[in-house]
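The values are calculated or read from the model by the stated rules, or taken from the named source; none is laboratory data. What you see is a predicted model, and the numbers here were worked out from it, not measured in a lab. Because the Cβ atoms are built from the backbone with ideal geometry, glycine has one as well, and the counts that use them run over all protein chains shown.
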Amino acid sequence: MTPEERRVFVRAHRTAVFGYGRAADGPAMSIVYYVMDGDDILVSTMGERAKARAVARDPKVSLCVLDEAWPPTYLQVYCDATIDRDRERTVDLMMRIAGVMADRPLDESIRPLVAEGAAREGRGALRLRPYATFETPPRHVQGEEDVNDALTHWTSASLPWNA
């Protein structure tokens, strides 16, 4: 994929697996909805959730952007993350993500309810700044006829987000 194809893939989807290092044990992952802000990826989370605590401890995270269609494809994006606790930006993000979840923008009349929920839950925005990606072009088998010399696999590699 070219840099523009990677950006288009990330913009065209809405769900991802958010990966981060835990203080103990192995890495953690959780499914998230996200939106784009230029090249940045935004995720809403509660301030007391493990994602926010992990980002405060170590800003290196990964996001495995999922294609919701079968057969599955994905693009892994490595990011530097920061936490934005600005209330208005957090509510803006929550409204946008709710629209992504609903598959349509939601009416502004619910904004006060969203703001109340954001305050009650201590929500903030995670801003992910991509710096690299990892891709493996999928090789799918639909039936016996697909198992042939054209079914190849190769080693994948990380690519800079902008290269």
Quiz item: Quick one: how many residues across segment 65-103 are over 17 Å from the mean Cα position of the chain (by Cα), in a helix (DSSP H, G or I), touching a residue at least 12 places away in the same chain (Cβ under 8 Å) and surrounded by fewer than 18 Cβ atoms within 10 Å (Cβ to Cβ)?
Solution: 2
Quiz item: Within segment 128-141, can one find any residue that is assigned to a strand (DSSP E or B), modelled with pLDDT under 95, of a type in the set (A, V, I, L, M) and over 19 Å from Val61 (Cβ atoms)?
Solution: no
Quiz prompt | Sole exception among (1) in contact (Cβ under 8 Å) with a residue 40 or more places away in the chain; (2) charged (D, E, K, R); (3) in a loop (DSSP other than H, G, I, E, B) for Arg22, by number | solution = (1)
Practice problem: For segment 35-48, enumerate the residues that are crowded, with 17+ Cβ neighbours inside 10 Å and under 21 Å from Arg120 (Cα atoms). | Solution: Leu42, Val43, Ser44, Thr45
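Say we look at segment 1-43 and pick out the residues that are basic (Lys, Arg) and within 22 Å of Ala157 (Cα to Cα); which of these is modelled with the lowest pLDDT?
Initially, segment 1-43 is screened for residues basic (Lys, Arg), giving 6-7, 11, 14, 22.
Filter again for within 22 Å of Ala157 (Cα to Cα), leaving 6-7, 11.
Working: Arg6: 87, Arg7: 90, Arg11: 93.
Ranking the qualifying residues of segment 1-43, first place goes to Arg6.
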